[in-house]
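Read through the structure below, which is laid out as structure tokens, and then see the notes.
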Amino acid sequence: MSNISPGAATSPAIGDAATGPAYPAYPARPAGDLRIDPQSLARLRTEFRSRGAAVHGPPAIQADIHAQLLNEALAQRESASWSLIANGCPGEISQHNLRAYLGPHARNFLAAPEVLENLRQVTGYRLVPSWSASCYTYYDGPGQHMGEHCDKEEACRIALLVYLQTIWAPGTQPSTGLQLHVFRSDNAASGLVLRITALSNRIVFLNGAEQAHLRPALAPGEHMTLLAGCYQLSP
Ligand SMILES: [Fe+2]
């Protein structure tokens, strides 16, 4: 990124799992649960309102649900995926990645009452899943990326990104390819407010319809699998 505004320097990248509060052990709960303690919820609300993105975890979701989602994502990749490659012609977003249809575990999670309630608490909106815009997404090889864009407001007023698995080369740090760059307003010239490193079992609440965002190109040895949940305003 060559156009990072001076303000961006005061918005450090969210780097690794070393920071953040300790999380209590999860009791046995039904699938679909997203338990966030009140203190974290208050922080997420503040982050979302000030920057348009709020980051939770890792861990964000309990281990068995995380495993269910990851297993489903890897299975869908084999049976129900398609490649998206676009070079950024006028009216087109530059991108190179793989998408797959959701399975029942992803649908259960995205529509779970506790997930919807946490979304309401963090964003202030009553939301319902937007199934046509939600998918599993995979960045698998060097150069794979997502160009600058805003999400479509009708289909994806708010995005909930669930990072299921991220891998980088041994002995290195994650490159910018494993980051989500979020800008203050609807274009990159408005200034970078946040760089969020994708870590396994981390979630992001994103004001993606109003704030531009992008993913730089992946470096060799890096892989990322995520559940990209989109939400519409509740009718
Ligand atoms: Fe997006």
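Read-outs: derived from the displayed coordinates by stated rules, not from any lab. Small disclaimer: the values here were computed from a predicted structure and weren't measured. In this analysis, Cβ positions are derived from the backbone assuming ideal geometry, glycine residues included, and neighbour counts consider all displayed protein chains.
A simple rule links phi to the HN-Hα coupling: the Karplus curve 6.51 cos²θ - 1.76 cosθ + 1.60 with θ = phi - 60°, which for segment 212-223 gives 4, 8, 7, 10, x, 5, 5, 8, x, x, 9, 9 Hz, with x for Gly and Pro.
Normalised by 2.2 N^0.38 Å, where N is the number of residues, the C-alpha radius of gyration of the chain stands at 0.94. Helix-only arithmetic for the chain: the sum of -39500 (n - 2.57) across DSSP H runs with n ≥ 4, divided by the residue total, places the mean residue ellipticity at 222 nm at -6500 deg cm²/dmol. The charge dipole of segment 36-233, taken about its Cα centre with unit charges on the Cβ of Lys, Arg, Asp and Glu (plus for the first two, minus for the last two), comes to roughly 360 debye. Computed 3J(HN,Hα) for segment 164-173, one whole-Hz value per residue from the Karplus formula 6.51 cos²θ - 1.76 cosθ + 1.60 where θ = phi - 60°, is 8, 7, 10, 9, 9, 4, x, x, 10, 9, glycine and proline marked x. Taken one residue at a time, the phi angles of segment 92-104 give Karplus couplings (6.51, -1.76, 1.60, θ = phi - 60°) of 10, 8, 5, 6, 8, 6, 10, 10, 8, 5, 6, x, x Hz. Gly and Pro are set to x.
Treating each Cα of segment 157-235 as an identical point scatterer and ignoring solvent, apply the Debye formula and state log10 I(q)/I(0) at q = 0.16, 0.20, 0.26 Å⁻¹. Debye intensities relative to I(0), on a log10 scale: -0.62, -0.90, -1.24.
Taking every alpha-carbon pair within segment 80-131, the share separated by more than 18 Å comes to 55 percent.
Under a Gaussian network description of the chain, with springs only between Cα atoms under 10 Å, the residue in ALA60, ALA100, ALA189 that fluctuates furthest is ALA189.
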